[in-house]
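Have a look at the structure below, then the notes.
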Amino acid sequence: MSNQNYALVLDTNRKPLNPCTPGVARSLLKAGKAKVFRRFPFTIILGKAVADKPSPMQLKLDPGSKVTGIALLQGEKVVFGAELIHRGQQIKDALESRRALRRGRRNRKTRYRQPRFLNRTRSDGWLAPSLQHRVETILTWVNRLRRYTPIEGISQELVRFDLQEIENPEISGIEYQQGMLFGYEVREYLLAKWSRKCAYCGKENVPLQIEHIHPKAKGGTNRISNLCLACEPCNIKKGTQDIEAFLKKKPDVLKRVLAQAKRPLKDAAAVNSTRWTLFNRLKQTGLPVEVASGGKTKFNRCRLELPKTHWLDAACVGSVEQLDVKTMQPLLIKAMGHGNRQMCGTDKYGFPIRHRSRIQIHQGFQTGDIVKAIVTSGKKIGTYIGRVLCRASGSFDIATKDGRVQGISHKYCQAIHRKDGYAYSF
């Protein structure tokens, strides 16, 4: 089994063909029968047209609030895996910062427009920008992979969390009139919330039991804020003790468990808000869309004895009999955005401190390009690969996996992947 994803293949007319192993791709490139078409995801283009019809592939998605798992299957073979890291929290923080600065300007009675009210309407299906970003980035990669692979179907995990019943499992009757019911999976939510570890000892990869932080025998409820996960020895040892008495000698663990228990349901709400929008957008591609629950994904993964990762969860979505995993090194994709339009740089208080140039391309490069720099002289001799930060002076910074390297001349840089709003690693 190769540790790397299969290489995606196009013919000379850019028709998607069957992906090939990294060894076959190297042979074709070395023989001059193909050229590199794209670095991320790695795609080669042949020098001739191919009339044969490629085998159909299935694209599988495991959408999450922070990370979305992506897997490409050809029959039972998992030939490509990726994890897409969203930037929804960054968008939310930026909007909140902008709002605070705007309100500050109004309160200081500076020259600024008067506040407006009731002059904006939201269309049906409107999502907050941080949530809309999750849908759009997933769609971007679905369309991108469709251009390079013969995808004929999509599988999506349609997670369902009933936030009311997660918060209060005893809810019934007329109380449901306060909101819509979508079903729930309390155990799946607890596994995600407690990172699949025992809350008390931190053990992983052992059977975990649902544990009441405040014992039920002493009036504890079934609310999600009173539930955690514990391994059997810890659960038996705690018994009906109060958590303060049980963790008396471990104050750090006690503080962490109590803080974790009160963590809000933000991630579950984000998944709930976007799942149907994503499903409807996927249907608009014209491909058949298969949906399945998170419980079925976990059942498939446990039955096949696969490790818990986002991209392998994606591979286990839907109807799965057997999987032949051909790669164990997924492509890590991090959404970075495309910069901003702000022409006046400000300090943390919102006061102007610098002017931003309209010119973004310097010496043929722009910030966000992935470059390879081979420095042959000076104090920084070596080879550096990463995202570049450009300056008009021609002295660039390169963000590598080992950290930022400053003061690299543009003369040593060679672009290997142009800016597209994402950073990549393995």
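The values are calculated or read from the model by the stated rules, or taken from the named source; none is laboratory data. Note that the coordinates shown come from a computational prediction; the quantities given were computed from them, not determined experimentally. Methodologically, a virtual Cβ is constructed for each residue, glycine included, from the backbone with ideal geometry; neighbour enumeration extends over all protein chains shown. Ligands, DNA and RNA are stripped out before the accessible areas are found, and what is left, the full protein with its side chains, is counted by its heavy atoms. Shrake-Rupley method; radii C 1.70, N 1.55, O 1.52, S 1.80 Å.
At 1.4 Å probe size, with every protein chain present, just tell me what the per residue accessible area of segment 211-289 comes to in Å².
Details: 4470 Å² over 79 residues.
Per-residue accessible area for segment 211-289 comes out at 57 Å².
Could you tell me which trypsin sites (Lys or Arg not before Pro) in segment 257-355 are loop residues by DSSP with no more than 10 other beta carbons within 10 angstrom of their beta carbon?
Qualifying residues, ordered by number: Lys262, Arg341, Lys348.
If one computes P(r) from the Cα atoms of segment 381-426, what percent of pairs lie at distances over 18 Å? Before the final figure, lay out the partial values.
On the way: 251 of 1035 pairs.
When all Cα pairs of segment 381-426 are counted, 24 percent exceed 18 Å.
In debye, nearest 20, what is the charge dipole magnitude of segment 300-339 about its Cα centre with +1 on Lys and Arg Cβ and -1 on Asp and Glu Cβ, if you could check? Let's see the in-between values first.
Details: 5 positive and 4 negative charges, 32 e Å.
It works out to roughly 160 debye.
In whole angstrom, how long is each semi-axis of the equivalent ellipsoid of segment 262-312, when you take the square root of 5 times every eigenvalue of its Cα gyration tensor and sort them from largest down? List each step's numbers first, then the result.
Details: eigenvalues 103, 82, 14 Å².
So the three semi-axes of segment 262-312 are 23, 20, 8 Å.
What residues from segment 392-424 fall in the zone where the backbone N is under 18 Å from a label point 7 Å along the Cα-to-C-beta line of Ile374?
408-417
Quick check: pseudo-label points 7 Å beyond the Cα along Cα→Cβ at Arg404 and Arg14, how many nm apart are they?
3.6
Ignoring any ligand, DNA or RNA, what whole percent of the accessible area of the chain comes from carbon and sulfur when the probe is 1.4 angstrom? Mind dumping the intermediate values first?
Numbers: 12600 of 24480 Å².
The computed percentage sits at 51.
First select every other residue whose beta carbon is under 10 angstrom from the beta carbon of His310; then total the charges, Lys and Arg +1, Asp and Glu -1. Walk me through the numbers on the way to the answer.
Details: positive: Lys66, Lys308; negative: Asp62, Glu83, Asp313.
The answer is -1.
Among Gln132, Ser293, Gly368, whose Cα sits farthest toward the positive end of the charge dipole of the chain (+1 at Cβ of Lys/Arg, -1 at Cβ of Asp/Glu, about the Cα centre)?
Going by the Cα projections, it comes out as Gly368.
For Ala269 paired with Glu96, estimate the spin-label separation in nm (one decimal), with each label point 7 Å from Cα along the Cα-to-Cβ line.
Result: 1.2 nm between the two label points.
Go ahead and estimate [θ] at 222 nm for the chain from helices alone: -39,500 (n - 2.57) per DSSP H run with n ≥ 4, summed, over the residue count, rounded to 500. Don't skip to the end; give the middle numbers.
Working: 11 runs with 118 residues, N = 426.
Calculated from helices alone, the mean residue ellipticity at 222 nm is -8500 deg cm²/dmol.
Plugging the Kirkwood radius over Cα pairs into Stokes-Einstein for segment 307-359, at a temperature of 25 °C and a viscosity of 0.890 mPa s, what D comes out in µm²/s?
Details: Rh = 16.0 Å.
Taking Rh from Cα pairs, D becomes 153 µm²/s.
When the chain is treated as a GNM, springs tying every alpha-carbon pair under 10 Å, which of Val67, Val253, Val325 comes out with the largest mean-square fluctuation?
Taking springs between Cα atoms under 10 Å, the residue moving most is Val253.
Quote the charge dipole size of the chain about the Cα centre in Debye, to the nearest 20; the model charges only the Cβ of Lys and Arg (+1) and of Asp and Glu (-1). Write out the running numbers ahead of the final one.
Numbers: 76 positive and 35 negative charges, 535 e Å.
Computed about the Cα centre, the dipole is about 2580 debye.
Pick from Leu17, Leu145, Leu254: which residue has the top mean-square fluctuation in a GNM of the chain where Cα pairs under 10 Å get a spring?
Fluctuation is largest for Leu254.
Sort out for me the Cα centre separation of segment 294-322 from segment 76-93, rounded to whole Å.
The distance from the Cα centre of segment 294-322 to that of segment 76-93 comes to 17 Å.
Could you list which residues have their amide H under 5 Å from that of His417, counting only those 5 or more apart in sequence or on another chain, with H placed in the peptide plane?
It is Ile370, by chain and number.
Would you mind pulling out the separation of the Cα centroids of segment 204-221 and segment 382-426, in Å?
50
Using the Cα centre of segment 325-415 as the reference point, and only Cβ charges (+1 on K/R, -1 on D/E), how large is the resulting charge dipole? Debye, rounded to the nearest 20.
40
Take the alpha-carbon centre of segment 18-48, take the same for segment 329-355, and report the distance between them in whole Å.
Each part's Cα centre sits 35 Å from the other's.
Dipole of the chain (Lys/Arg Cβ +1, Asp/Glu Cβ -1, origin at the Cα centre): which of His310, Gln209, Tyr384 lies farthest to the positive side?
Tyr384
How much FRET efficiency would the formula 1/(1 + (r/R0)^6) give for Lys296 and Arg196, where r is the Cβ-Cβ distance and R0 is 22 Å, rounded to 0.05?
Working: r = 18 Å, r/R0 = 0.81.
That pair, Lys296 with Arg196, gives E of 0.80.
Please give the contour-minus-distance gain from Arg144 to Gln89: 0.36 nm per residue of separation, less the Cα-Cα distance, rounded to one decimal in nm.
17.4 nm
Quick one: Debye curve from the alpha-carbon atoms of segment 1-158 only, equal weights, vacuum; give me log10 I(q)/I(0) at q = 0.18, 0.19 Å⁻¹ to two decimals.
With no solvent term, the Cα-only Debye profile gives -1.10, -1.19.
Could you tell me the relative contact order of segment 324-426? Use alpha-carbon pairs under 8 Å, at least six residues apart, and round to a whole percent.
Details: 173 pairs, mean separation 31.5, N = 103.
With pairs under 8 Å counted, the relative contact order is 31 percent.
For the chain, build the charge dipole from Cβ charges (+1 Lys, Arg; -1 Asp, Glu) around the Cα centre, then report which of Ala100, Ala230, Ala7 sits farthest towards its positive end.
Ala100
So what is the accessible area of segment 307-418 per residue, in Å², with the probe set to 1.4 Å? Walk me through the intermediate numbers first.
Numbers: 6850 Å² over 112 residues.
Counting only protein heavy atoms, the per-residue value for segment 307-418 is 61 Å².
Kindly report the accessible area of segment 1-102 per residue (heavy atoms of protein chains, probe 1.4 Å, no ligands, DNA or RNA), in Å².
Roughly 51 Å² per residue, with all protein chains present.
With the crude spin-label approximation of a point 7 Å out along Cα→Cβ, what separation in nm comes out for Ser357 versus Gln342?
About 2.0 nm separates the two model spin labels.
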